[in-house]
């Protein structure tokens, strides 16, 4: 049986491209990595709409069953909503700790969003405006409701299962207010290690090259501290 695997879970409406940079970094450090695709994701909003938040959680439960036969230890890394799904799986006996990256408890950072939109208009940077338009219309109302369901159901028992957790949050995240990180830290207490990063954005590994290497390194060093 192999030793340890890093299970990296992508976010709502996204796919494994969101976390591929981190996955490649960990692989370069000779670590075992698994990046499953959540049910309904990776295609279009119709496919996403045909799935529910229960299906997204079940995707990881099924993945854990398969990894359980291969590895003696599982480290869960959840990006955005992937962190919420990780919390739902934290009772699994082989998951020894969890890392969350820009995971929402309080979502939509209106201060950043308004600033980005006005900056985009003023500087004629329409990519920013397109990004928000795509975010708004990229999923159905039904899928949006499913996201809210998993958010509010999970929020009630964050920290109910206490294991070591590294909480990573960018202060300039447009989708997640960084007080979310403080909420998670408060629930995990002494088990939590909180890292806040100035700048950045929600899609940290795709759109924030100025921070992603530092965050990858910090994750690796955090993990290395458990193997001294």
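If only residues of the stretch 54-84 that are under 17 Å from the mean Cα position of the chain (by Cα) and not in a helix (DSSP H, G or I) are counted, the one that is farthest from residue 22 (Cα to Cα) is 74.
Taken together, the residues in the stretch 186-212 that are without any contact (Cβ under 8 Å) to a residue 60 or more places away in the chain and surrounded by fewer than 18 Cβ atoms within 10 Å (Cβ to Cβ) amount to 13.
Under the condition of being within 23 Å of residue 16 (Cα to Cα) and not in a helix (DSSP H, G or I), the residues counted in the stretch 200-228 number 5.
In this entry, residue 37 passes the filter for residues that are at pLDDT 95 or above, closer than 21 Å to residue 151 by Cβ, part of a loop (DSSP other than H, G, I, E, B) and touching a helix residue (DSSP H, G or I) at 6+ places or on another chain (Cβ under 9 Å). Among the residues of the stretch 145-158, those identified as at pLDDT below 95 and assigned to a loop (DSSP other than H, G, I, E, B) are 156, 157. State whether one or more residues within the stretch 61-75 are under 22 Å from residue 204 (Cα atoms) and either surrounded by fewer than 18 Cβ atoms within 10 Å (Cβ to Cβ) or in contact with a strand residue (DSSP E or B) (Cβ under 6 Å, 6 or more places away or on another chain) (or both). Yes, some residue in the stretch 61-75 is under 22 Å from residue 204 (Cα atoms) and either surrounded by fewer than 18 Cβ atoms within 10 Å (Cβ to Cβ) or in contact with a strand residue (DSSP E or B) (Cβ under 6 Å, 6 or more places away or on another chain) (or both). Looking across the stretch 159-187, the residues that are more than 17 Å from the chain's Cα centre (by Cα) and assigned to a helix (DSSP H, G or I) come down to 186, 187.
Could you tell me whether residue 48 is within 22 Å of residue 149 (Cα to Cα), in contact with a helix residue (DSSP H, G or I) (Cβ under 8 Å, 6 or more places away or on another chain) and crowded, with 18+ Cβ neighbours inside 10 Å? In short, yes.
The values are calculated or read from the model by the stated rules, or taken from the named source; none is laboratory data. The shown structure was predicted, so the numbers you read here are calculated from the model rather than taken from an experiment. As a convention, Cβ positions derive from the backbone with ideal geometry for all residues, glycine included, and neighbour counts pool all protein chains shown.
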